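Below: the structure, in C-alpha cells.
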Amino acid sequence: MRQINLLPEAYQHQMRMAALKKTMIVSAVIVIVCIVPVHIWLADGVKGLKNELTAIKLSRAMPELDKVRSEVTLLRNERNAFVSENQALLEIAAQRVHYKAMMKLIGDSARNKVWLNSVTVSSQKKTLEMKGKAYDAQLVSEFLLEIKKIPYFNTVDLTSMQSNTAADGTTITFSLTCTFE
C-alpha cells in the first residue's frame, strides 16, 4: 500500500524531526534510568573488590612488616645503648666548637698583656685553669677583666698571684680558674 502525503515538504520534515527528537529523548531517559543504577551497583562492587584486594595484600605483607618493625626496634635499642655508653664522648663532641671559640677568645685577651704557661680543661668539672706570667699586676688585672667578658664562662676567679723579682726584672705569676657551661 502506498501512502500519499499532500502536506507541504517543510511540514513533513518538521514532523519527522520532532518524532526523531522524541525518540532520542525517550531513548536517553531509558538509558539513564537503566544504566545509572547499574553503574552505581558496579561501583560498589568494585570498591568491595578493592577493599578485599587491599586486605589480601596487607595479610601477605604482615610478616614482612613485623620483620621490619622488629629490625627498627633492634636498631633503636642499639642506638640507645650506644648513646648511654658514650654520653661523655658525645658531650665533649658537642662542646668541641665551644672549646675552639673559647681558646680563640682567651688568646685574643692575652695578646700583648700576659703569656700563658698552661691551660688545663676539665670537662667533668667544667672548669678551665690558666697559669701564666705578666710584667705588671695591672696587666694581669686587665687580662682578668677581658676573660670575664667571654660569654662561655660563668665565673672567673683569680686563685693566685705572686710577684717574682729576678736580675732581669719583676714578673707576676698568676693562676685563674674559670667555670663554663
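All of the numbers you see were taken from the coordinates with simple rules; none came from a lab. Fair warning: this is a prediction, and the values are worked out from it, not measured in the lab. Because the Cβ atoms are built from the backbone with ideal geometry, glycine has one as well, and the counts that use them run over all protein chains shown.
I'm trying to understand the selection: among the residues of region 1-58, which are exposed (fewer than 10 other Cβ atoms within 10 Å of the Cβ) and of a type in the set (Gly, Ala, Ser)? Within region 1-58, ALA10 is the sole residue that qualifies.
Taking residues in region 74-88 that are closer than 25 Å to GLN124 by Cα, and partners anywhere that are in a helix (DSSP H, G or I) and not acidic (Asp, Glu), the pairs with Cβ atoms closer than 9 Å and at least 6 places apart or on different chains are VAL83/LEU90.
On the stretch given as region 121-144, residues that are assigned to a helix (DSSP H, G or I) and in contact (Cβ under 8 Å) with a residue 12 or more places away in the chain total 6.
Scan region 145-173 for residues that are part of a strand (DSSP E or B), over 46 Å from the mean Cα position of the chain (by Cα) and under 18 Å from ASN117 (Cβ atoms) and the total you get is 11.
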